[in-house]
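Presented below is the structure to which this report refers.
Every number in this text was worked out from the coordinates using simple rules, so none of it is lab data. Source: prediction; values computed, not measured. Here the Cβ positions follow ideal geometry from the backbone for every residue, glycine too, while neighbour counts run over all protein chains shown.
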Amino acid sequence: MSSSPIRLLQIGRQMPALEAALAAQYQVHRLADEADPQAFLAAHGAEFEALVTSAAIGVEHAVVQALPRLRVISSFGVGLDKIDVAAAKAQGVAVGYTPEVLTDCVADLAFGLLIDAARGLSAADRFVRRGDWESSKFPMSTRVSGKKLGIFGLGRIGSTIARRASGFDMTVRYTNRRPVEGVAYGFEPSLLALARWSDFLVIAAAGGPSTQHLVNAEVLSALGPQGFIVNVARGSVIDEAALIQALSHRSIAGAGLDVFEDEPHVPAALRALDNVVLLPHVASATHETRQAMADRVLANLASFFRDQTLVSAA
Ligand code: DGY
């Protein structure tokens with residue numbers, strides 16, 4: 001085995017602790033530092049065996065193709081919608097990511113958004129800060145406990161959200177491509193049927209072409225004027241224009257969103273509405289989880305260069 005450090009290409013910025021750990025173990029080059037990334041790749045692409053990116057940034061497949069000696073991609077995050085995993089694998093490149101370690105925090109935040117959307121926590125906070133309590137009453141809100149929770153995407157995160165719901169005495173149903181074996185929750189055959197049944201509809205399905213705009217005007221109308229929607233998955237799953245219409249006409253009661261179609265851009269029409277809680281894609285952003293994700297990025301690389309396995313393979 002060669003003793004020279006492995007050359008690693010970094011796409012975008014990572015948290016400082018991860019960048020420091022990568023720099024200690026690999027010869028890291030940041031593509032973002034290049035004035036002309038394409039020219040850099042044409043001249044130096046063949047030098048890199050490893051690539052680090054994140055779910056938020058992903059990597060264009062043209063970049064992967066410009067790295068003929070690339071053996072492994074290690075991505076910070078669970079979402080794979082911005083990485084062409086099949087094409088990378090076809091090129092002989094292994095793809096690692098960081099599921100499991102972020103599941104609890106994303107589920108916690110989904111519940112936080114659900115409660116905030118229904119009970120108006122953020123709005124009530126703004127009300128107190130404005131000094132409005134002295135002159136008026138904060139409007140009544142909507143009860144959460146005992147209600148019906150629909151989950152679109154009963155994977156790792158969806159199932160963890162469902163477990164949180166039992167503490168709120170909620171009834172849970174879900175929809176997926178097919179029923180999940182061994183779960184007691186009711187299966188609805190379509191997203192439309194699930195929306196019709198739900199008081200709260202939580203989106204936990206993966207992003208990408210197969211889920212693009214599945215939450216459309218029809219689904220939102222089925223959720224109805226008492227219904228709330230929460231999205232901790234990908235903005236692309238919801239037709240954002242249809243959601244803005246539904247919220248502004250109060251044909252749904254409210255929404256809690258951690259993700260948007262064109263992040264970090266959030267449409268002004270959405271920002272102007274008072275029946276939506278808006279977060280800057282922070283579901284996994286706790287100190288503990290982000291450190292665990294960074295550790296998994298490093299563990300995937302270490303494992304790959306030890307024996308060509310990954311701790312978490314996509
Ligand atoms: C993830 O890990 O996919 C988070 O949504 C961050 O993009």
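Details
- Using a simple spin-label model with pseudo-atoms 7 Å out from Cα toward Cβ, Glu100 and Ala217 lie 4.5 nm apart.
- Between the Cα long axis of helix 16-25 and the first principal axis of the chain there is an angle of about 20°, rounded to the nearest 10.
- Ordering Ala107, Leu270, Ile238 by Cα displacement along the dipole of the chain toward the positive end leaves Ala107 in first place; charges were set at the Cβ atoms of Lys, Arg (+1) and Asp, Glu (-1).
- Euclidean distance of C-alpha centroids, segment 41-75 and segment 104-129, integer Å: 39
- Dividing the alpha-carbon radius of gyration of segment 59-175 by the rule-of-thumb value 2.2 N^0.38 Å gives 1.58.
- For segment 12-123, Kirkwood radius (reciprocal of mean inverse C-alpha pair distance, Å): 16.0
- Relative contact order for the chain, counting Cα pairs under 8 Å that sit 6 or more residues apart, in percent: 17
- The rule of thumb for compact globular proteins, 2.2 N^0.38 Å, goes into the C-alpha radius of gyration of segment 103-278 1.00 times.
- q = 0.16 Å⁻¹: log10 I(q)/I(0) that the Debye formula gives for segment 162-240, counting C-alpha atoms only: -0.59
- Relative contact order for segment 65-142: 24 percent, from Cα pairs under 8 Å spaced at least 6 residues apart, divided by residue count.
- By the helix-only formula, in which each DSSP H run with n ≥ 4 contributes -39500 (n - 2.57) and the sum is divided by residues, the chain has a 222 nm mean residue ellipticity of -10500 deg cm²/dmol.
- Relative contact order %, segment 103-278, counting alpha carbon pairs below 8 Å whose residues are six or more apart: 21
- Over the chain: Kirkwood hydrodynamic radius from C-alpha pairwise inverse distances, Å: 21.1
- Helix 103-119 axis, angle to the chain major axis (alpha carbon atoms, nearest 10°): 30
- The modelled label-to-label distance between Ala268 and Ala43, using points 7 Å beyond Cα along the C-beta direction, is 4.3 nm.
- Debye-sum result for segment 1-74 in log10 I(q)/I(0), which assumes one identical scatterer on each alpha carbon, at q = 0.23, 0.25 Å⁻¹: -1.11, -1.30
- At an R0 of 35 angstrom, the distance between the Cβ atoms of Leu278 and His61 translates into a FRET efficiency of 0.65.
- Linear extension gain, Gln226 paired with Lys137, 0.36 nm per residue minus alpha-carbon span: 29.9 nm
- Note on segment 103-278: dipole from Cβ charges, positive end direction compared against Val128, Ala255, Gly186; the farthest Cα belongs to Gly186.
- Estimated dipole of the chain in Debye, rounded to 20 [Cβ of Lys and Arg +1, of Asp and Glu -1, Cα centre]: 680
- Projecting label points 7 angstrom from Cα along Cα→Cβ for Arg178 and Ala241 puts them 3.6 nm apart.
- Angle in degrees between helix 287-307 and the longest Cα principal axis of the chain, rounded to the nearest 10: 30
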